[in-house]
Amino acid sequence: MSEITVCAQPPAAANYVGQDGLLYCGRCGTRKQVRITVPGFEGVQTCLCRCEAEALDRARAERELEKRRDMAAQMLKQGIPGVQLSAMTFDRDERPEARASRVARRYVEQFAEQAARGHGLLFYGAVGAGKTFLASCIVNALVKKGVPCLVTSMSRLGNRLFTCREDRQEKIDGLSRAKLLVLDDLGTERRTEAMDELTMNVVETRLQAGLPLIVTTNLTAAKLEAPGDIHMQRLMRRIKSVCYMIEVTGAKGPNGKIPPLNTGGGVGP
């Protein structure tokens, strides 16, 4: 215990004894002792002052955050190999002023609000435009905050789930453990009746759980607006009902500004 002094105006860092005879913290000015009177006992016990309690809370929060980060990192390994994803961060974005990039950053900032609404993003554009990069930047930023995310593709999911007949739906439901699910390169998987059914099941399960989804696709705006078959029409209608459509081109919005994510009457285009 540090040296105790008795004074009316103690130095900033010196503990002192107050007029009630109890020890006070010289930093925050709150009690470090409390007088207790109960049947069979009367005396003084030490207690945490405010700054010690706050430090304890911070340490506890840091441990909890580290635990969530570890769990989120483990989940991320279940998707696309993490070596590719680890290099995709906002500090490596060569077009930070592009509309899509600014939307991605804002989505991270507003994630708690957007996730509560089940809102996600649909990145579309040409091959190599940076759709997967931006989706991965979002994921890496959220994982640092301890948010469990999974980045995968329907081709990868199909390879894993088509070998599981009895517990397939259980594994699909298990995707809900990810607070954010990214389906990369949607539309490039080999189209079969079974794959179409699986894709709709994954998306529908996600939407029914009210959990956000990010989709990247090479499909053009015209194809997204008017898909060529009934399955794609149903699928894109469901995705667009909860995902903001963002074209990845690197171009800025009107006057260099980007509208808020929650403008207008919904989350569609």
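The values are calculated or read from the model by the stated rules, or taken from the named source; none is laboratory data. Here the structure is a predicted model, which is why all the values come from computation and not from measurement. Neighbour counts are summed over all protein chains in view; Cβ atoms, including those assigned to glycine, are modelled from backbone coordinates with ideal geometry.
Details
- Of the residues in the range 221-229, not one is assigned to a loop (DSSP other than H, G, I, E, B) and either modelled with pLDDT of 90 or more or within 28 Å of residue 147 (Cα to Cα) (or both).
- Meets criteria (surrounded by fewer than 21 Cβ atoms within 10 Å (Cβ to Cβ), among the small types (Gly, Ala, Ser) and either within 29 Å of residue 229 (Cα to Cα) or in contact with a His (Cβ under 7 Å, 6 or more places away or on another chain) (or both)) for residue 116: no
- Failed criterion for residue 134 (all others in (1) modelled with pLDDT of 85 or more; (2) touching a Ser or Thr at 6+ places or on another chain (Cβ under 6 Å) hold): (2)
- Any chance residue 188 is of a type in the set (Val, Ile, Thr), modelled with pLDDT under 90 and either touching a Lys or Arg at 6+ places or on another chain (Cβ under 9 Å) or crowded, with 18+ Cβ neighbours inside 10 Å (or both): no
- Summed over the range 79-95, the residues that are exposed (fewer than 12 other Cβ atoms within 10 Å of the Cβ) and at pLDDT 85 or above give a count of 3.
- Filter result (of a type in the set (A, V, I, L, M, F, W, C) and more than 15 Å from residue 185 (Cα to Cα)) within the range 123-166: 137, 138, 139, 141, 142, 143, 147, 149, 161, 162, 164
- Residue pairs meeting the criteria (Cβ under 8 Å; at least 6 apart or on separate chains; first free of Cβ contacts under 8 Å to residues at least 40 places away in the same chain, in the range 191-210; second outside any helix (DSSP H, G or I) and surrounded by 14 or more Cβ atoms within 10 Å (Cβ to Cβ)): 203/183; 203/213; 206/181; 206/213
- Exclusive hit being at pLDDT 70 or above, in contact with a helix residue (DSSP H, G or I) (Cβ under 9 Å, 6 or more places away or on another chain) and of a type outside the set (A, V, I, L, M, F, W, C), set 58, 35, 69, 50: 69
- Condition check for residue 164: at pLDDT 90 or above and either closer than 30 Å to residue 102 by Cα or not in a helix (DSSP H, G or I) (or both): no
- Odd one out for residue 174, checked against (1) surrounded by fewer than 21 Cβ atoms within 10 Å (Cβ to Cβ); (2) outside any helix (DSSP H, G or I); (3) more than 16 Å from the chain's Cα centre (by Cα): (2)
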